[in-house]
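Visitor: Structure provided below as structure tokens; questions to follow.
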Amino acid sequence: MAEQEVLYNGSSKTVFRGEGDNITIRFKDYIAAFYGIKGARIENKARMNCSISSLVLGYLNDNGIRTHFVAQTSDTEQQCRHVTHIPIEVIVRNVVAGSMAKRLGLEEGIVPENTIFDLCLRDNELGDPLINDHHAVALGLVSYEELAEMYDVTSKVNSLLKELYAKVGVTLVDFKIEFGRAADGSLVLADELTPDTCRLWDVATGERLDKDRFRRDLGRVRETYEDVAERLANLLNK
Ligand code: UDP
């Protein structure tokens, strides 16, 4: 078999040129935080994140969200549509946590009355700085019309995911998504949705079921990712 062309090689995923217009995303048994300052091999993580992201993106596709996800093709691989990536992270917060709590001196766990949206420029060297709509347009990354659509889609994704996670006893605290443009210029959600990119708190115990277990040395990282994968599979693989 011919060698697959690597388009991107990150700490937790490798992206290859796939079949036709597709890309292949291969997940890795690795977790990284704080821009790679902290990292570790986590057995079974590739399988868990591939399964979780495939289930969640499939669910979003089925509910009218245009995502890049086409199919899960092996335990650790997905076929996704190739898009031109927009280097903006859209963060949604239903509960105050993480960088927002720190930046504003707030307790984690406060539930604001409104849903909070942040934009960050995706740039590791700059530390993914917080930006606003006007910065994003001035940098030539998006138009105001595209931003309006991105907020609209992100809000729908938030509603769908809150509902999904509530069914498996989990509060969706916050998450990050990114978008790309398809060949016709239309916006497509092009990202993973896993415990690496979402904060998930167990409704009953308040236990953290996400990457904070690794960031904050809370232990049981593998078991937690397996727990989230199992809850979603039991709900969605019927
Ligand atoms: N997030 C992410 N990638 C990033 C930054 C944030 O997936 O580069 C996710 C993070 O896991 C959390 C949410 O976005 O679910 C909000 O993250 P926050 O701004 O609190 O940053 P953190 O302190 O977690 O880096």
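The values are calculated or read from the model by the stated rules, or taken from the named source; none is laboratory data. On a predicted model such as this, the values are computed, not experimentally measured, just so you know. Backbone-built Cβ (ideal geometry, glycine too); neighbour counts: all protein chains shown. Heavy atoms of the whole protein, side chains included, go into the accessibility calculation; ligands, DNA and RNA do not. Shrake-Rupley method; radii C 1.70, N 1.55, O 1.52, S 1.80 Å.
Visitor: Quick check on my filter: what residues within the range 195-211 are of a type in the set (Val, Ile, Thr) and under 18 Å from residue 48 (Cα atoms)?
Guide: The initial filter retains those residues of the range 195-211 that are of a type in the set (Val, Ile, Thr), namely 197, 203, 205.
Of everything in the range 195-211, just one residue is of a type in the set (Val, Ile, Thr) and under 18 Å from residue 48 (Cα atoms), namely 197.
Visitor: For the range 102-122, which residues satisfy the criterion of being acidic (Asp, Glu) and over 19 Å from residue 147 (Cα atoms)?
Guide: From the range 102-122, those acidic (Asp, Glu) are 107-108, 113, 118; that's our starting set.
Within the range 102-122, 107, 108, 113 meet the criteria.
Visitor: Further question on the same structure: Taking residue 228 as meeting all but one of (1) away from the ligand (no atom under 16 Å from the Cβ); (2) more than 30 Å from residue 141 (Cα to Cα); (3) in contact with a helix residue (DSSP H, G or I) (Cβ under 8 Å, 6 or more places away or on another chain), write down the number of the exception.
Guide: Here residue 228 clears every test but (1).
Visitor: Looking at the range 116-168 only, could you name the residues that are surrounded by 14 or more Cβ atoms within 10 Å (Cβ to Cβ) and on the phi > 0 side of the Ramachandran plot?
Guide: Within the range 116-168, just 128 meets the criteria.
Visitor: What pairs can you find where one residue is in the range 97-110 and loosely packed, with under 10 Cβ neighbours inside 10 Å, the other is part of a loop (DSSP other than H, G, I, E, B) and basic (Lys, Arg), and their Cβ atoms are less than 7 Å apart, with a gap of 6+ or different chains?
Guide: Pairs found: none.
Visitor: Among the residues of the range 73-89, are any touching a helix residue (DSSP H, G or I) at 6+ places or on another chain (Cβ under 7 Å), more than 23 Å from residue 189 (Cα to Cα) and open to solvent by 30 Å² or more (accessible area, probe 1.4 Å)?
Guide: no
Visitor: Let me ask something else about it. Could you list all residues from the range 184-205 that are away from the ligand (no atom under 11 Å from the Cβ), open to solvent by less than 10 Å² (accessible area, probe 1.4 Å) and not hydrophobic (A, V, I, L, M, F, W, C)?
Guide: none
Visitor: Which members of the range 142-178 meet the condition of being away from the ligand (no atom under 16 Å from the Cβ) and assigned to a loop (DSSP other than H, G, I, E, B)?
Guide: Selection gives 142, 143, 168, 169.
Visitor: Criterion first (part of a helix (DSSP H, G or I), touching a Ser or Thr at 6+ places or on another chain (Cβ under 9 Å) and more than 11 Å from the ligand (Cβ to nearest atom)) does residue 137 satisfy it? Before the answer, list the steps.
Guide: Working: part of a helix (DSSP H, G or I): yes; touching a Ser or Thr at 6+ places or on another chain (Cβ under 9 Å): yes; more than 11 Å from the ligand (Cβ to nearest atom): yes.
Spelling it out, residue 137 is indeed part of a helix (DSSP H, G or I), touching a Ser or Thr at 6+ places or on another chain (Cβ under 9 Å) and more than 11 Å from the ligand (Cβ to nearest atom).
Visitor: Working carefully through the options 220, 213, 181, 208, find the one that is within 14 Å of the ligand (Cβ to nearest atom), open to solvent by 30 Å² or more (accessible area, probe 1.4 Å) and in contact with a helix residue (DSSP H, G or I) (Cβ under 9 Å, 6 or more places away or on another chain). It would help to see each step written out before you state the result.
Guide: Values: 220 fails: within 14 Å of the ligand (Cβ to nearest atom); 213 fails: open to solvent by 30 Å² or more (accessible area, probe 1.4 Å); 181 fails: within 14 Å of the ligand (Cβ to nearest atom).
208 is the lone residue from the list that is within 14 Å of the ligand (Cβ to nearest atom), open to solvent by 30 Å² or more (accessible area, probe 1.4 Å) and in contact with a helix residue (DSSP H, G or I) (Cβ under 9 Å, 6 or more places away or on another chain).
Visitor: To continue, here is another question. Picking from 66, 93, which residue would you name as being closer than 16 Å to residue 199 by Cα and of a type in the set (Lys, Arg)? Spell out how you get there, then give the answer.
Guide: On the way: 66 fails: closer than 16 Å to residue 199 by Cα.
Only one candidate passes the filter, namely 93.
Visitor: Could you give me the residue pairs with C-beta distances under 9 Å whose first residue belongs to the range 114-132 and is more than 10 Å from the ligand (Cβ to nearest atom), whose second residue is small (Gly, Ala, Ser) wherever it lies, and which are 6+ apart or on separate chains?
Guide: Cβ pairs passing all conditions: 115/155; 117/155; 119/136; 121/136.
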